[in-house]
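One structure is given below, encoded as structure tokens.
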Amino acid sequence: MFDGQVIGSRESRTAQGAAFCRLVEQQQPSELRQFDDPVVGRLLDPLMAAMAAAVPLQDQVLGSLAPGTYGGLVMRTRYIDDVVTAWAETGVTQLVVLGAGLDTRAYRLASLEKVIVFEVDLPGRQRHKQVALRAVRRRAAEVRFVSVDLNTEPLEQALGAAGFDHGSPALFVWEGVTQYLTETGVRSTLTFVAGCEPGTALVFSYILRSSLGRHGYQGWSPDVKQQLGSTEPWLFGFDPSTLADVLDVVGLRLLDDVGDLEYQERYLQPIHRQLLVNSSERVALAVVPRATS
């Protein structure tokens with residue numbers, strides 16, 4: 001189900017798969033649904049969008065993923081949504097979405113009404129998104145598309161050209177990206193964020209280093225694992241036990257690090273929702289510390 005003909009060539013297969021999960025989540029009753037995303041269906045391949053609406057086909061697609069993958073993708077989106085809203089409410093007016101792909105927050109989160117959103121990604125992916133969302137009213141004050149390859153191009157220069165204010169704090173979102181970058185690419189981005197104005201924050205998902213294996217994708221169906229392992233291999237992961245130290249070295253302070261257990265306790269148990277969440281991916285929140293007197 002995740003071959004190129006179904007997913008389409010405009011966007012990565014994994015990004016389309018994550019968007020598929022977000023669209024499926026919209027079919028949950030409102031009291032159980034983790035977020036509202038009325039936009040994501042516009043970004044999916046039409047066939048995938050139709051499959052998300054048909055339960056037997058939906059189950060077939062989700063069944064090809066490792067157990068708990070759907071839950072993990074849904075819950076990381078919920079957590080990051082909460083972080084974005086909380087930071088916007090503190091008065092931060094710049095949001096940078098790294099590897100934005102099919103992210104829809106600028107078009108669905110009311111908390112961004114006074115925030116400029118910088119979407120950073122490869123130019124081909126951005127063109128598809130701009131066409132697909134041309135008729136959609138944004139919720140953010142402004143959306144600026146920044147074309148850059150995080151593995152090979154300097155982020156600071158590209159953001160500066162787009163009008164990013166280096167003298168004001170910002171929130172950086174890095175969802176579903178770090179595992180596909182080289183260690184050099186990850187560390188250079190962390191170093192750039194750490195050099196931003198104190199009070200700047202970064203929320204990012206990461207794969208456990210112990211889950212990388214040969215290609216990652218443990219527990220996925222053989223066909224999907226072979227396809228994604230060869231085209232979108234997992235290259236990088238963190239060890240949760242040393243994450244705070246790694247961030248501290250570059251100048252970031254870890255504030256939160258969440259995974260399946262935290263999602264269950266904070267979000268799912270209070271509403272009595274049964275949802276399996278894969279433990280191989282976590283989300284961390286770090287900040288550029290302010291000087292202490």
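Among DSSP beta bridges lying fully in the chain, give the percent that are antiparallel, nearest 5. Don't skip to the answer; put the middle values down first.
Values: 12 of 31 bridges.
Of those bridges, close to 40 percent are antiparallel.
Please order Ser280, Ser188 by the number of other Cβ within 10 Å, starting at the fewest. Write down the numbers at each step before the final one.
Numbers: Ser280 24, Ser188 18.
Arranged by neighbour count, lowest to highest, Ser280, Ser188 become Ser188, Ser280.
What the phi angles of segment 68-81 give under the Karplus curve with 6.51, -1.76 and 1.60, with θ = phi - 60°, is a coupling list of x, 5, 4, x, x, 5, 5, 6, 5, 5, 4, 4, 5, 4 Hz, glycine and proline written as x. Backbone geometry of segment 169-183 corresponds, through the Karplus equation with coefficients 6.51, -1.76 and 1.60 at θ = phi - 60°, to 3J(HN,Hα) couplings of x, 9, 10, 9, 10, 9, 9, x, 10, 4, 5, 9, 9, 6, 4 Hz, x marking Gly and Pro. Put simply, the amide H of Val146, placed in the peptide plane, has neighbours under 5 Å in Glu119, Val120, Asp121, leaving out anything fewer than 5 places away on its chain.
Going by how many other Cβ atoms sit within 10 Å of their own, how do Ile271, Ile207 line up, fewest first? Intermediate values should be presented prior to the final figure.
Numbers: Ile271 11, Ile207 20.
Fewest-to-most ranking of Ile271, Ile207: Ile271, Ile207.
In whole angstrom, note down how far apart the Cα centers of segment 132-183 and segment 92-116 are. So the separation of the two Cα centres works out to 10 Å.
Which FRET efficiency, nearest 0.05, do Arg138 and Val249 yield, Cβ-Cβ r, R0 41 Å? Before the final figure, lay out the partial values.
Numbers: r = 37 Å, r/R0 = 0.91.
That gives a FRET efficiency of 0.65.
Residues within the reach of a label modelled at Thr292 (point 7 angstrom out along Cα to beta-carbon, backbone nitrogen below 19 Å), restricted to segment 251-266, are 251-256.
Sorted from largest to smallest, which semi-axis lengths in Å does the alpha carbon gyration tensor of the chain give for its equivalent ellipsoid, taking the root of 5 times each eigenvalue? Display every interim value, and only then the final one.
Working: eigenvalues 154, 94, 80 Å².
Ellipsoid semi-axes (Å, largest first): 28, 22, 20.
Multiplying the residue separation of Thr182 and Ala50 by 0.36 nm and removing their Cα-Cα distance gives an extension gain of 44.0 nm.
Every number here is computed from the coordinates shown, using simple stated rules; none is lab data. These numbers were taken from a predicted model, which means no experiment stands behind them. Cβ atoms come from the backbone with ideal geometry, glycine included; neighbour counts cover every protein chain shown.
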